[in-house]
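Trainee: The structure under discussion is supplied below as structure tokens; questions concerning it will follow.
Nothing in this text is a laboratory measurement; each read-out follows from the coordinates by a stated rule. Remember, predicted model here, so these are calculated numbers, not experimental data. We place every Cβ from the backbone using ideal geometry, glycine too, and count neighbours over all the protein chains shown.
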Amino acid sequence: MSEAIWKMIRSGVLETLQMTVISTALAYLIGLPLGILLVVTEKGHILQNRIINTILGTIMNIVRSVPFLILLVVLVPFTRFVTGSSIGTTATIVPLTVGTIPIVARMVESSLKEVSPGIIEAAESMGASPASIIFRFILPEATPSLILGGAINLATVLGYSAMAGCIGGGGIGAIALNYGWYRYQTDVLLVTVVILILIVQIFQEVGTILAAKKRHS
Amino acid sequence: MGHIVYPYYLLFISAISIFADILLKYIRKRKEWFIYKMSGQTALFQLKNVSKVFHTKDSEVRAVDDISLDIFPSEIFGIIGMSGAGKSTLVRTLNRLENVTSGQVIFDGQILGDLSSKELRAQRRSMAMIFQSFNLLTQKTVLANVMLPMKIAHVPHKEQKERALEMLKVVGLENKATAWPAQLSGGQRQRVAIARALAMNPKVLLCDEATSALDPKITEEILSLLKDINKKMNLTIVIITHEMSVVEKICDRVAIISEGRLAEIGSVKEIFTSPKTEAAKHLILPAEKELNPFDITDRRCIRIVFDGREASEPLIANLVEATGEKVNILCANTKSVGGVGFGQMIVELPSEDDAVERVLQYIREKGVNFHEVQLEEVKSV
């Protein structure tokens, strides 16, 4: 492989990391509150509200059930509206974020549900307000599980970002597709796959270590 | 006239003394009620016809059914019942973790049902609660756990820490401040929960089966800690339990709950020595098979119940001496309840009918409470 290709792979890795991390962060910015809302509006929970819960749950399921590749195409007008373009790294961040929000929300929901109902009852008996119960009881208790969920979500977004290569997104996925697949450069394909594996491994390991460090039960 | 007045005078005096006697007996019977009325204290909790109905798909369950009772300041009040009797629901109506279906819960003069959620939260800070499963935050240290109720109430951080350390000292865990709950034993975790409950200086401590997950020795330690806190801090304690031993150890008064209803209420001594309802008898007198007699025979057996008066007298020894008949003690179980000896014994009677009659006659003369036990019950061990 030539020096030029290596250089391209290097910048591709950086682009991929940029897309993955920024999209995941943005998805958490919206998905985390939605996940919390999904839990606390459930029947019998502190802010029980059937209407909000049903609407939110349905939207999440709809978005989640659209295959990501289709979502990419469907969102092109929206992406163009937000970033002014529908190709390139920055543009890819938009559909990545939208597609990841419901995944994050459901992941957060399942982490928060692991918190024992006894803890919430204890919080209520202390006279904690709903906000206190969420921020001082539920979230701290669920932190290790949330971190593990975060690592899983990063790996998922990484996979999605590679898909974005199909419709003009940047990053290592695009390189694998354009050189490895269309130009039959098997060596490039192999290298990119190995790099993707390594990145996922690192995300997962770091997540596991952080969660274990945080976990005291 | 003098010789006529004199007998009237006597009659008058005796009438007064009879009246005084009746009054005194009445006062003695309702001693606590009078003490609280005279001292001008009012009940900390007043429950008026409280009911709680749960609706399931095709039926409704009356978990709490028309219960009225008062809980007074500084007492240790027990609520006992078999599992499923509704006692846990009842205690949750005390701090409105459960809303009542009908009736009123009045805490410290305020009808809880009328409070807004903000006012209710403020009230809950003076009603602490501990649980069977401790419910400590596993991801926070012992100290952070104890500080939590104060953090919620926006107590200054420095004060939080000082108070938390002080409370950990009260429960004897000052050296565990930096430990994580997972590193503690069950008994220690419940102590942390108690420290956390005391942090906001509550008026009452509600204990929901607080010792049910602990072994007997640790239970004893936790109970004596609670008693100690009750004495030192003058803290009212409400204890929910299914174990009679818990009630007899520390409670002043007890309410027996059966199928959601209040079966009996009174001082622990009263209820123990003369349980009136089936539910109370069932809880206080263990079934024959639970007594575990070590020998099984074909002879007739009786159960003798001691209610304090006879405990000081060696009944069996005197019986053998007086009648010359030998009886065999199959099992016995005695304990001290509020300083009064209380217990029961299953005794195997002699084989001859006239000997049996002599023994029973003797026990009857002594005025001791007994009844015949069916052998099948004993055999079914």
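Trainee: Would you order A:R183, B:R92, B:R191 from fewest to most other beta-carbon atoms within 10 Å of each residue's own beta-carbon?
Mentor: Neighbour counts put them in this order, fewest first: A:R183, B:R92, B:R191.
Trainee: Over the protein assembly as shown, what lengths in whole Å, largest first, do the semi-axes of the equivalent ellipsoid take, defined as the square roots of 5 times the eigenvalues of the alpha-carbon gyration tensor?
Mentor: Sorted largest first and rounded, they come to 70, 29, 21 Å.
Trainee: Output wanted: per-residue J couplings in Hz (rounded whole) for segment B:180-196, from phi through Karplus 6.51 cos²θ - 1.76 cosθ + 1.60, θ = phi - 60°, x for Gly and Pro.
Mentor: 9, x, 5, 8, 9, 7, x, x, 5, 5, 5, 5, 4, 4, 5, 4, 4
Trainee: May I ask which residue of A:L148, B:M167, A:V21 lies farthest towards the positive end of the charge dipole of the protein assembly as shown, with charges of +1 (Lys, Arg) and -1 (Asp, Glu) on Cβ and the Cα centre as origin?
Mentor: It is A:V21.
Trainee: Could I ask something else about it? Based on C-alpha coordinates, I'd like the Rg and Dmax of segment B:45-284, in Å.
Mentor: When restricted to the Cα atoms of segment B:45-284, Rg and Dmax are 17.9, 54 Å.
Trainee: What percent antiparallel are the DSSP beta bridges of chain B, to the nearest 5?
Mentor: Looking only at bridges with both residues in chain B, the antiparallel portion is about 70 percent.
Trainee: Okay, next question. State the Cα centre-to-centre distance between segment B:244-261 and segment A:91-111 in whole Å.
Mentor: One Cα centre to the other: 53 Å.
Trainee: Okay, next question. If the convex hull of the alpha-carbon atoms of segment B:75-128 is projected onto planes in all directions, what is the mean projected area in square nanometres?
Mentor: For segment B:75-128, averaging the hull's shadow over all directions gives 4.4 nm².
Trainee: What FRET efficiency comes out for the pair B:S185/A:A212, r = Cβ-Cβ distance, R0 = 22 Å, nearest 0.05?
Mentor: Calculated transfer efficiency: 0.40.
Trainee: Give me the dipole magnitude in Debye, nearest 20, for segment A:36-177 about the Cα centre, with unit charges on the beta carbon: positive for Lys and Arg, negative for Asp and Glu.
Mentor: For this selection, approximately 360 debye.
Trainee: For a footprinting-style exposure proxy, rank A:E205, B:E75, B:E357 by other Cβ within 10 Å, fewest first.
Mentor: A:E205, B:E357, B:E75
Trainee: So if the hydrodynamic radius of segment A:3-214 is defined as the Kirkwood radius over C-alpha pairs, what does Stokes-Einstein give as its diffusion coefficient at 4 °C and 1.567 mPa s, in µm² per second?
Mentor: 70
Trainee: Return the sequence-ordered ³J(HN,Hα) values of segment A:179-189 in whole Hz as given by the Karplus equation 6.51 cos²θ - 1.76 cosθ + 1.60 applied to θ = phi - 60°, using x for Gly and Pro.
Mentor: Values, residue by residue: 8, x, 9, 6, 9, 6, 8, 4, 5, 5, 4 Hz.
Trainee: Exposure proxy check: A:T89, B:T101 ranked by fewest other beta carbons within 10 Å?
Mentor: Exposure proxy ranking, most exposed first: B:T101, A:T89.
Trainee: Got the relative contact order for chain A handy, in percent, Cα pairs under 8 Å and 6 or more residues apart?
Mentor: Taking the mean separation of contacting Cα pairs over the length of chain A, I get 27 percent.
Trainee: Under 13 Å from the Cβ of A:E109, count the other residues' Cβ atoms, weight Lys and Arg +1, Asp and Glu -1, and hand me the total.
Mentor: Its environment carries a net charge of +1.
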